[in-house]
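Okay, structure first, notes after.
The values are calculated or read from the model by the stated rules, or taken from the named source; none is laboratory data. Source: prediction; values computed, not measured. Please note: Cβ atoms are built from the backbone with ideal geometry, for glycine as well, and neighbour counts cover all protein chains shown.
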Amino acid sequence: MQRLPFHLILFRICALSAVVTLLVACNIAPVATSDQETSGTPPNLVVPSVTPQLEMPPIPVPDGLTDERFVMSGICFEFAYQMRDQVIVLRDALSHIQFYGDIDASEQCSRPITRYPFNFEQGQTLAGIWSYGMGCTARHDILDAVRDDANQRYSLRLRFVTEGDCPYELIRPFFIGLPPEMHNYDVQIVVEQEA
């Protein structure tokens, strides 16, 4: 029997420790077997995977908000295209998990989507939209953000910019995290297409 080098053993221990720490920190329970009872948990519940390494350059967002585009980066083009120009607002983890489940159930994606978590623990809200265009690159620019506390409304006005003459169909997410004090706000997102 061949012994593993010490650095490989140490790496495996650290990796296992990191996974256990992540599961505990995210309060993710192990999947119940058929012999175990689950109270209040829907059957066939798929829990989001770990937070991805960001491959998207960060974008500036208004104070108090967070750039959460990566949370929807595992969604396939076909589903995002169907949902383009529709404002999505998710206020709790169960709604987020059900949203992912609905995507898989739609069978528009050729395989199960990659699920990324969002921290709803303190009452944060996830809101956003997908935009579609043709070109080489695409992005959203924030034109205006208005927080109306009296009417509990948050409005964002964006411009969707496509650049280049490439014949590519592009779909881009714009998703933000809203702070707990805006949990029950009506979120409005209007996107202008650059002419």
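The residues listed here are 156, 143; of these, the one that is buried (at least 17 other Cβ atoms within 10 Å of the Cβ), closer than 19 Å to residue 61 by Cα and in contact with a strand residue (DSSP E or B) (Cβ under 7 Å, 6 or more places away or on another chain) is 156.
Of all residues in region 172-187, none satisfies being more than 18 Å from residue 66 (Cα to Cα) and in contact with a Leu (Cβ under 8 Å, 6 or more places away or on another chain).
So, in region 143-185, exactly how many residues are in a strand (DSSP E or B) and either within 22 Å of residue 119 (Cβ to Cβ) or without any contact (Cβ under 8 Å) to a residue 12 or more places away in the chain (or both)?
Result for region 143-185: 12.
Report whether or not residue 134 is hydrophobic (A, V, I, L, M, F, W, C) and either touching a helix residue (DSSP H, G or I) at 6+ places or on another chain (Cβ under 9 Å) or more than 20 Å from residue 76 (Cα to Cα) (or both). Spelling it out, it is not the case that residue 134 is hydrophobic (A, V, I, L, M, F, W, C) and either touching a helix residue (DSSP H, G or I) at 6+ places or on another chain (Cβ under 9 Å) or more than 20 Å from residue 76 (Cα to Cα) (or both).
Scanning region 101-131 for residues that are in contact with a helix residue (DSSP H, G or I) (Cβ under 7 Å, 6 or more places away or on another chain) and of a type in the set (S, T, N, Q) turns up 106, 108, 122, 124, 125. Does residue 169 qualify as being charged (D, E, K, R) and modelled with pLDDT of 95 or more? Answer is yes for this residue.
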